[in-house]
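To start, the structure under review is shown below, and the notes come after it.
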Amino acid sequence: MQQIAGKGDIMLNNGAIGIEYSFLFEDGNRKNFEISLDSSMHVAARKAPPPAWTALGQHQCPSCTLSPAEAHPYCPIAVQLAQVVEAFADFSSYDNVTVTVTTEQRIYSKKTTLQQGVSSLTGLLMATSGCPVMDYLKPMARFHLPFASVEETEFRMLSMFLVAQLKRQAKGLTPDWTLEGLKAIYAKVSEINAHFAKRLREVAKNDANINALVNLDCFAKAVPWAVRTRLNDLDALFEAYLK
């Protein structure tokens, strides 16, 4: 059982949220990851010293606002993904696996490829790592939906951003109903994916981790298209609101 910076309980009494990912391989090998998220939707800081490849300056994103001089010696995403990267360093993307995700409310299970399962876990950890860019995706993590389809993810993404604009408006801030801000956020996410892939190529012996990140990046790059087309595609679902 690998615990990612937390107690690992599914039902926690301190306002935290517990999520467990379990990977069962065809040969009976199992890898479990227990994640505890605090009330601000961040994974707690890792206690053990992180590996050298997680240093902030190693393939640091050009737009990163963190600095080693300001108590940020390590990339927060790299620190939280280190255990996952190490666990699957020798595995192939297309290894068959049954992934079970346990939350307080329900249990999800799917027979899939390892890259798809790792992609779901990776996305959750990136959004809750404490990276300033990924903080925009914390609402998605709070309502985490493992194995979501592209349509489901796009709907959640658009819903998240529009709720954010309602909250900005309620607080007297200028809302962005054009969705240009959403495209800007995912452009930065894609930048993070590209630079993080360089880290992974230095430490991952096989392709499971890298291709899991590629899956996430494909979605990030598709956001401009989704913003242009998805709202129109949903007209039939919202007929009652459009009369």
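The values are calculated or read from the model by the stated rules, or taken from the named source; none is laboratory data. A quick note: this is a predicted structure, and the numbers were derived from the prediction, not measured. Please note: Cβ atoms are built from the backbone with ideal geometry, for glycine as well, and neighbour counts cover all protein chains shown.
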* **All positions within region 138-190 that are aromatic (Phe, Trp, Tyr), within 24 Å of Val214 (Cα to Cα) and surrounded by fewer than 16 Cβ atoms within 10 Å (Cβ to Cβ)** => Phe143, Phe147
* **Hits in region 179-192 (condition: over 19 Å from Ala52 (Cα atoms) and assigned to a helix (DSSP H, G or I))** => Glu180, Gly181, Leu182, Lys183, Ala184, Ile185, Tyr186, Ala187, Lys188, Val189, Ser190, Glu191
* If you check Thr128 against the conditions, is it β-branched (Val, Ile, Thr) and in contact with a helix residue (DSSP H, G or I) (Cβ under 6 Å, 6 or more places away or on another chain)? -> yes
* Some residue of region 213-231 being closer than 25 Å to Gly117 by Cβ, modelled with pLDDT of 90 or more and among the acidic types (Asp, Glu) -> no
* Hey, among the residues in region 197-243 that are assigned to a helix (DSSP H, G or I) and of a type in the set (Lys, Arg), which one's farthest from Gln58 (Cα to Cα)? -> Arg230
* Count - residues of region 191-214 that are within 19 Å of Lys138 (Cα to Cα) and surrounded by fewer than 17 Cβ atoms within 10 Å (Cβ to Cβ) -> 0
* Asked: Any residue at all in region 66-76 that is touching a residue at least 12 places away in the same chain (Cβ under 8 Å), surrounded by fewer than 16 Cβ atoms within 10 Å (Cβ to Cβ) and either part of a loop (DSSP other than H, G, I, E, B) or among the polar types (S, T, N, Q) (or both)?
  -> yes
